[in-house]
Structures are given as C-alpha cells and as structure tokens.
Amino acid sequence: MAGDGKNNEGFPPASAYRAFPFQGTRVNGLAILGPDQEENDELIGFYRNEVLRGPGAFLEIAWGFRDYERAMRRKLERELAVVTIGLGLPARAAQGRGPISAAADTGPRQ
C-alpha cells in the first residue's frame with residue numbers, strides 16, 4: 001500500500017483484514033511524507049499500526065512526491081528479493097553486499 005495520507009476511500013485496513021483472507025500474506029507500505037512533521041509522524045504511525053501486516057513487513061519512506069520513484073523502486077526490490085534458504089536474508093545480503101534493513105528508509109530529503 002502506498003499513499004500520502006490515511007485511508008480515505010474504501011475499506012480501512014482493519015476492515016479489509018477482517019473481511020478477506022490475508023493469512024500468509026505480507027503487506028508492506030510506502031508512506032509519502034510532506035513538509036509537516038506532525039502529519040508525517042501520524043502517517044508513519046498509521047502505516048506501522050494499521051497497514052503493515054505479516055512477518056517481515058516493512059515501511060518504505062518517500063521524502064515527497066519527487067522521491068516516490070526511488071522509494072517505490074526500493075520497495076519493489078525488497079519485495080521481490082530472493083530469500084536465501086536457511087539464512088532468512090535476501091540473496092544480496094547473503095552474498096556480502098550488505099543487509100537490507102526492515103526499518104523505514106531514512107534517506108536524504110529532497
């Protein structure tokens with residue numbers, strides 16, 4: 001799920017999780033932050049508390065709409081990374097190219 005605000009149309013996440021079978025499904029998020037720190041904190045809290053679901057779920061951060069492409073690419077790469085059996089790490093981490101953090105990205109603001 002990706003967005004720049006809380007759910008404002010359709011099912012809220014909690015209702016969707018109750019209504020549909022999400023067992024064994026990981027739901028990640030991409031929050032698009034703006035200039036207001038208080039709103040950003042609320043948005044991050046919304047994603048962490050209501051959207052993220054399942055083992056290994058993560059939140060990717062876009063520092064505004066100009067950073068969306070980078071953040072979405074990183075989110076997709078993380079979601080599609082091949083997991084190395086036995087290590088529980090994405091293949092690139094197991095190959096010594098560094099771990100891929102499960103924490104929200106704190107890259108440079110643009």
Sole miss for residue 39 among (1) surrounded by 13 or more Cβ atoms within 10 Å (Cβ to Cβ); (2) out of contact with any Ser or Thr (no Cβ under 8 Å at 6 or more places or on another chain); (3) closer than 19 Å to residue 74 by Cα is condition (3)
Contact list, first residue from the stretch 7-20 and in contact (Cβ under 8 Å) with a residue 24 or more places away in the chain and closer than 20 Å to residue 42 by Cβ, second anywhere and polar (S, T, N, Q) and surrounded by 11 or more Cβ atoms within 10 Å (Cβ to Cβ), beta-carbon distance below 7 Å, six or more apart or interchain, is 13/7
Here, helices (runs of 4 or more DSSP H) confined to the chain with at least 2 residues that are at pLDDT 90 or above and out of contact with any Cys (no Cβ under 9 Å at 6 or more places or on another chain) are 13-19, 37-46, 68-80
The residue that is surrounded by the fewest Cβ atoms within 10 Å (Cβ to Cβ), considering only those in the stretch 22-36 that are within 10 Å of the chain's Cα centre (by Cα) and of a type in the set (A, V, I, L, M, F, W, C), is 27
Filtering the stretch 3-19 down to residues that are within 20 Å of residue 71 (Cβ to Cβ) and polar (S, T, N, Q) yields 7
* Condition met for residue 33 (touching a Gly at 6+ places or on another chain (Cβ under 7 Å) and among the aliphatic types (A, V, I, L, M)) -> yes
Reported set for the stretch 42-69 where residues are surrounded by fewer than 16 Cβ atoms within 10 Å (Cβ to Cβ) and more than 22 Å from residue 8 (Cα to Cα) is 54, 55, 56, 66, 69
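The values are calculated or read from the model by the stated rules, or taken from the named source; none is laboratory data. The shown structure was predicted, so the numbers you read here are calculated from the model rather than taken from an experiment. Note: ideal-geometry Cβ built from the backbone for every residue, glycine included; neighbour counts use all protein chains shown.
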